[in-house]
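A short write-up of the structure that comes next.
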Amino acid sequence: MISQRQVSAELRYESSQSLKGYKTTPCANPCLACAAAVHSVFEACQVTRLVQPSGDDDGNIALKKKDSSPVTVGDFGAQAVALRALHGYRPDDMFISEESSDALTEDEGLCRRVLEAVNHPRGVGSEKTDRDEIIRSIDYGQGLRCSDASAKSNRVWALDPIDGTKGFLRGRYRGGQYCIALALIEDGEPIVAILGCPNLPTMNSTAMPNGHWSDEEVDDANGERLFSSLRGTLFVAAKGSGCYEIPLCEIEDWLGSTSVSVGQSSWTRLEVTNSDGSIAAAQGRFCLGVERGFSDPKGTVVEIASMICGPEGIVTDKDGVRDIKNSLRIDGQAKYGLLARGQCEYFIRLPRKGYTDWIWDVAAGYLVLKEAGGTLTDVRGKQIDFSHIGGATRHAKLSESVRGIFGTSGGVFHEALVNCYGEVEDV
């Protein structure tokens, strides 16, 4: 079982220690594994927070990938600092992540921008690094075995340095959401998961996750602290130990403190909406991706929602586009955090035919939702199989049989989703 106090202690310890030389075996203790994961994701949150534009700005786009999706300085910087930290803790594990260093080695100007982002003077608790270490750290994520001992390791860390890059480019003040998603998979099963969401309103905030920032939020974000008390949060889950939320500003205090004593933390244990039928499936709220052409190219999600909620649950805009009345659209795996908080009940991802999700798109959100009491399966209600991930090669994709993802509060909500999908597909 994870202990909030122990994880806090490990984070505070790291504020006074160099990662170099600190190569114990923390994964034998879930608290230490969580501390390593929280530390690495927090550093990635710092980098992305510092380089994300405040409004629409494509100047942060480094290049476009073969599938035309953007990749930014933030992606490279977040992957570099997160994997550098993780490798410092667990040099014998395998790491799989989205980016490689090829673009940086071919473009010294881009590499310099990433180096400046990683070494930003406002970073808290980060070691300064050089070009070679940036390149090396990014390429840990290529699934290469880092030592002979690692050939025997049954642990794989899966990282998405920015999940929701288009939300990242939409800008902070315009409500652009994204997250840093990290999962530790041991013997084919996620056992630790972190979702770092620098722009997501904290749990007690009344702000909309996809809405423009208020003047108060903008002023707060421009203060001395990197993370404000109103926005920026992190979800932590460990197998069998529950799911918790921690404000990023508190982690900033832990890692920036010169004291190693441990105070009372403000961890909040999360639970999904009650799914025993006391709340009807028709009352469920949907949290969906912004890019409908990717997450619902055939319009199946709206059809399913109309079956669950009835015709009155669907609205049509002036252009004749149908949408779900009781829904929220944001980018990235922050959606799983909202489900875990009980702020929505349904998440559906139905990508185009032939597309297979990457492991880092699912693993962290899966455990966060599961430990909060929710359910995540494929569209037929089958459990996601993570057992083929890792091995002697990278193996970074889910099985081709996974044709989509359903995440819900479980119970009547999940049953309704799977049943309605089956009816739509049979038509």
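A compact table of results
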| quantity | calculated |
| --- | --- |
| Of all residues making up the stretch 306-363, the number that are of a type in the set (A, V, I, L, M, F, W, C), part of a helix (DSSP H, G or I) and either in contact with a Cys (Cβ under 8 Å, 6 or more places away or on another chain) or under 22 Å from M208 (Cβ atoms) (or both) | 7 |
| Residue count, the stretch 155-174 (criterion: surrounded by fewer than 21 Cβ atoms within 10 Å (Cβ to Cβ), small (G, A, S) and out of contact with any Pro (no Cβ under 7 Å at 6 or more places or on another chain)) | 0 |
| Some residue of the stretch 203-214 being surrounded by fewer than 24 Cβ atoms within 10 Å (Cβ to Cβ) and not in a loop (DSSP other than H, G, I, E, B) | no |
| Residue among G171, G240, G164, G176 that is more than 12 Å from the chain's Cα centre (by Cα), of a type outside the set (A, V, I, L, M) and under 22 Å from K370 (Cα atoms) | G240 |
| Residues (modelled with pLDDT of 90 or more and surrounded by 15 or more Cβ atoms within 10 Å (Cβ to Cβ)) located in the stretch 377-401 | T377, D378, V379, G381, I384 |
| When residues of the stretch 93-116 are limited to those that are within 20 Å of the chain's Cα centre (by Cα) and among the small types (G, A, S), the one nearest to A364 (Cα to Cα) | S97 |
| The one condition in (1) at pLDDT below 95; (2) crowded, with 24+ Cβ neighbours inside 10 Å; (3) closer than 21 Å to E271 by Cα; (4) of a type in the set (A, V, I, L, M) that L339 fails to fulfil | (1) |
| Candidate set from the stretch 404-427 (those that are aliphatic (A, V, I, L, M) and in a helix (DSSP H, G or I)); member that is surrounded by the fewest Cβ atoms within 10 Å (Cβ to Cβ) | V424 |
| Evaluation of G188 against (1) in contact with a Phe, Trp or Tyr (Cβ under 6 Å, 6 or more places away or on another chain); (2) crowded, with 24+ Cβ neighbours inside 10 Å (one fails), failing number | (2) |
| F347 vs. criteria more than 20 Å from K166 (Cα to Cα) and among the hydrophobic types (A, V, I, L, M, F, W, C) | no |
| Residue satisfying condition, being in contact with a Leu (Cβ under 6 Å, 6 or more places away or on another chain), in the same structural domain as V192 (by TED's automatic domain parsing), assigned to a helix (DSSP H, G or I) and of a type outside the set (G, A, S), within set E250, E217 | E217 |
| Qualifying residue in the stretch 308-316 (condition: touching a Phe, Trp or Tyr at 6+ places or on another chain (Cβ under 6 Å), at negative phi and touching a residue at least 60 places away in the same chain (Cβ under 8 Å)) | no |
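Each row is one residue, and each column tells you yes or no for (1) in contact with a helix residue (DSSP H, G or I) (Cβ under 8 Å, 6 or more places away or on another chain); (2) within 17 Å of E271 (Cα to Cα).
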{"position": "I180", "(1), (2)": "yes, no"}
{"position": "I194", "(1), (2)": "yes, yes"}
{"position": "T206", "(1), (2)": "no, no"}
{"position": "R231", "(1), (2)": "yes, no"}
{"position": "C249", "(1), (2)": "no, no"}
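The values are calculated or read from the model by the stated rules, or taken from the named source; none is laboratory data. In this text the structure is predicted, and so the values were computed from the model without any measurement. Cβ atoms come from the backbone with ideal geometry, glycine included; neighbour counts cover every protein chain shown.
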